[in-house]
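**Q** Have a look at this one.
Computed from the coordinates by the stated procedures, all read-outs in this text should not be read as laboratory data. What you are looking at is a predicted structure, and each value in this text was computed from that prediction instead of being measured. All Cβ positions, even for glycine, are placed from backbone atoms using ideal geometry, and neighbour counts span all protein chains on display.
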Amino acid sequence: YIEKVKAREVFDSRGNPTVEADVILSDGTLGRAEVPSGASTGELEAVELRDGGDRLQGKGVSKAVNNVNTEINNALHGLDPFNQGNIDQVMIDLDGTKNKGRLGANAILGVSMATARAAANYQKVPLYRYLGGADLELPQTFHNVINGGEHADNGIDMQEFMITPVERTSFRDGFEKIVNTYHTLKKVIEDAGYQSGLGDEGGFAPDLKSSEEALQMLHDAIIKAGYTPGKEIAIAFDAAASYFYNTDTKMYDFEGTHKTPDEMADYYEELLKKFPEIISIEDPYSEDDWDNFEKFTAQMGDKVQIVADDPVCTNPILIRKAIKEGMANSILIKLNQIGTVTETLEAIRIARKNGYTTMMSHRSGETGDTFVADFTVATNSAQLKAGAPARSERVEKYNQLLRIEEELGENSTRLAHFPDSVDFD
Ligand code: PGA
Ligand code: ZN
């Protein structure tokens with residue numbers, strides 16, 4: 001049973017405070033987890049409890065830590081750590097709000113993940129095995145190699161420009177191709193006279209003139225690295241359009257232009273024509289513009305994967321609504337958007353049951369914790385975005401997948417196929 005739950009304030013990859021939680025079982029087994037944090041957060045995400053005030057720019061999490069050490073510890077003492085559903089429900093009920101704002105989603109998620117770790121450690125099985133079933137597969141990974149939007153101080157309004165391996169013989173083989181392309185991209189950026197400093201997710205953050213220029217650089221780097229765009233390496237992007245949507249004019253203030261929703265669709269279509277290796281588009285429209293998001297999916301959904309992130313925030317209720325309205329054909333999944341392991345599993349289940357693909361995601365503020373890598377394998381989530389193959393808080397997720405592949409064997413690597421209709425059970 002759970003003997004004790006405690007937390008401490010640690011720091012994430014942006015130097016901001018975050019919660020680390022420990023769950024200690026009656027035999028002394030420890031489970032530990034660190035909570036990530038986003039910058040381009042959806043409006044309907046579960047709420048991170050932050051202290052406010054002067055200390056640490058108001059971002060301290062001492063209240064969340066204190067909630068773990070007192071209320072959550074009291075509520076979970078003596079409970080069965082193998083009943084993850086019950087542990088999470090007890091915390092949801094104890095919090096009592098819709099958005100986990102009282103105890104803090106950062107407090108609750110830390111304990112939720114640490115409970116799963118403690119249970120796995122007690123059984124002496126890897127986390128992906130504890131949370132998962134028998135036929136596990138390594139995911140296709142999406143690597144944000146040029147950072148824009150809220151993740152970098154440059155002129156690019158789209159947030160993430162990703163490369164992803166398509167043809168590959170193993171996870172390692174695909175990852176090596178990504179690494180080669182990443183290093184080649186650095187040269188492409190420098191040869192064009194730009195700085196190759198890094199943004200929040202380990203991608204380069206050159207001060208390019210436009211998103212199209214970023215895509216062109218990815219395209220050139222893939223070829224220069226010796227690959228065929230769309231064959232070995234494909235491209236994906238997260239426009240994160242909520243961040244350039246003007247709620248007053250209902251226009252998109254995008255890279256010096258003011259585009260109507262239809263003009264945005266034309267723009268995306270042109271990009272797809274110019275770069276047919278684009279296989280996935282995330283948040284092409286704002287979280288406040290469901291209608292045009294849906295319209296775009298109706299027009300383009302059979303040609304490209306369209307991922308909903310900000311509008312649905314890993315929330316089972318919003319995901320159901322999105323599916324009913326045909327908003328996208330893929331759902332982005334982030335543990336800390338909803339705040340417990342159990343609800344995240346439910347979000348994945350709903351998406352997969354309805355033929356939507358799922359892309360698991362890190363956050364722009366990350367830690368050394370590799371929970372998301374194990375979680376992706378455990379749920380056969382098929383796709384994972386965890387940043388560039390640079391900066392340890394990103395690379396550790398991929399290193400963990402390399403370890404898992406070694407354990408599962410090379411035939412465990414999923415080959416890219418869209419849309420993915422594999423059942424999740
Ligand atoms: P965030 O960005 O972690 O800053 O929210 C990730 C995303 O928008 O997918
Ligand atoms: Zn996103």
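**Q** What ranking do 385-394, 129-138, 207-216 get when scored by the average of other Cβ atoms within 10 Å per residue, highest first? Let's see the in-between values first.
**A** Details: 385-394: 23.4, 129-138: 16.9, 207-216: 18.4.
Most protected by this proxy first, the peptides run 385-394, 207-216, 129-138.
**Q** Turning to a different aspect of this structure: Using Cα centres only, tell me the gap between the stretch 125-165 and the stretch 191-224 in whole Å.
**A** Answer, in whole Å: 18.
**Q** Could you calculate the contour length gain from ASP262 to GLN195, that is, 0.36 nm times the residue separation minus the distance between their Cα atoms, to one decimal place in nm?
**A** Details: separation 67, 0.36 × 67 = 24.12 nm, distance 3.40 nm.
Extending this stretch completely gives an extra 20.7 nm.
**Q** Among LEU109, LEU76, MET359, which residue has its Cα positioned farthest towards the positive end of the charge dipole of the chain, with +1 placed on the Cβ of Lys and Arg, -1 on the Cβ of Asp and Glu, and the dipole taken about the Cα centre?
**A** Positive-most Cα among the choices belongs to LEU76.
**Q** For LYS353, go through the aspartates and glutamates and keep the ones whose alpha-carbon is under 19 Å away, minus same-chain ones fewer than eight residues off.
**A** ASP135, GLU137, ASP302, ASP309, GLU325, GLU343, ASP420, ASP423, ASP425
**Q** Once every DSSP H run of n ≥ 4 in the chain is given -39500 (n - 2.57) and the sum is divided by its residues, what mean residue ellipticity at 222 nm do you get, rounded to the nearest 500 deg cm²/dmol? Can you show the working numbers first?
**A** Numbers: 14 runs with 158 residues, N = 425.
Estimated from H runs of four or more residues: -11500 deg cm²/dmol.
**Q** Moving to a separate point now. At 7 Å along Cα-to-Cβ for each site, give me the label-to-label distance between ASN399 and LEU30 in nm.
**A** Going from the ASN399 label point to the LEU30 one covers 1.9 nm.
**Q** Okay, next question. Hey, got the dipole for the stretch 53-144? About the Cα centre, +1 on K and R Cβ, -1 on D and E Cβ, debye to the nearest 20? Please list the in-between numbers first.
**A** Details: 9 positive and 8 negative charges, 63 e Å.
Dipole magnitude for the stretch 53-144 comes out near 300 debye.
**Q** Separate question: Going out from 0 in 10 Å bins, what whole percent of all Cα-Cα distances in the stretch 54-106 drops into each bin?
**A** 23, 48, 23, 6, 0
**Q** Pairs LYS259/LYS334; LYS231/LYS273; LYS250/LYS295; LYS177/LYS397; LYS334/LYS397; LYS6/LYS397: which exceed 19 Å Cα-Cα? Walk me through the numbers on the way to the answer.
**A** Details: LYS259/LYS334 29 Å; LYS231/LYS273 16 Å; LYS250/LYS295 15 Å; LYS177/LYS397 17 Å; LYS334/LYS397 14 Å; LYS6/LYS397 25 Å.
Too far apart for the 19 Å limit: LYS259/LYS334; LYS6/LYS397.
**Q** Sequence neighbours fewer than 8 away in the same chain don't count; with that in mind, list the aspartates and glutamates whose C-alpha is under 13 Å from LYS59.
**A** GLU9, ASP12, GLU48, ASP51
**Q** Something else now. Set Lys and Arg Cβ to +1 and Asp and Glu Cβ to -1, take the dipole of the stretch 1-58 about its Cα centre, and tell me which of SER13, LEU44, ILE24 lies farthest positive.
**A** Positive-end residue among those listed: ILE24.
**Q** Exposure proxy check: GLU343, GLU3, GLU407 ranked by fewest other beta carbons within 10 Å?
**A** Values: GLU343 24, GLU3 17, GLU407 12.
So the ranking, lowest neighbour count to highest, is GLU407, GLU3, GLU343.
**Q** Then there is this: Pop the C-beta distance of ILE317 and ASN83 into the FRET formula with R0 = 30 Å and round what comes out to the nearest 0.05. Provide the component values of the computation, followed by the final result.
**A** Details: r = 24 Å, r/R0 = 0.78.
Efficiency for this residue pair is about 0.80.
**Q** Give me the mean projected area, in nm² to one decimal, of the convex hull enclosing the Cα positions of the stretch 151-294.
**A** On the way: hull surface 35.1 nm².
Average projection, Cα convex hull of the stretch 151-294: 8.8 nm².
**Q** How big is the Rg/Rh ratio for the chain, C-alpha atoms only, Rh by Kirkwood, two decimals?
**A** Values: Rg = 20.7 Å, Rh = 21.6 Å.
That ratio is 0.96, to two decimals.
**Q** To continue, here is another question. What does the highest-first list of 143-151, 183-191 look like by mean Cβ count within 10 Å?
**A** Details: 143-151: 27.1, 183-191: 17.4.
By packing density, highest mean first, the sequence is 143-151, 183-191.
**Q** Could you please rank THR260, THR376, THR115, placing first whichever residue has the fewest other Cβ atoms within 10 Å of its Cβ? Please report the intermediate quantities before stating the final value.
**A** Working: THR260 13, THR376 32, THR115 29.
By the 10 Å Cβ count, ascending, the order reads THR260, THR115, THR376.
**Q** Where in the stretch 155-193 does the label zone of LYS274 land, with the point 7 angstrom along Cα→C-beta and an amide N cut-off under 20 Å?
**A** 155-164, 185-186, 188-193
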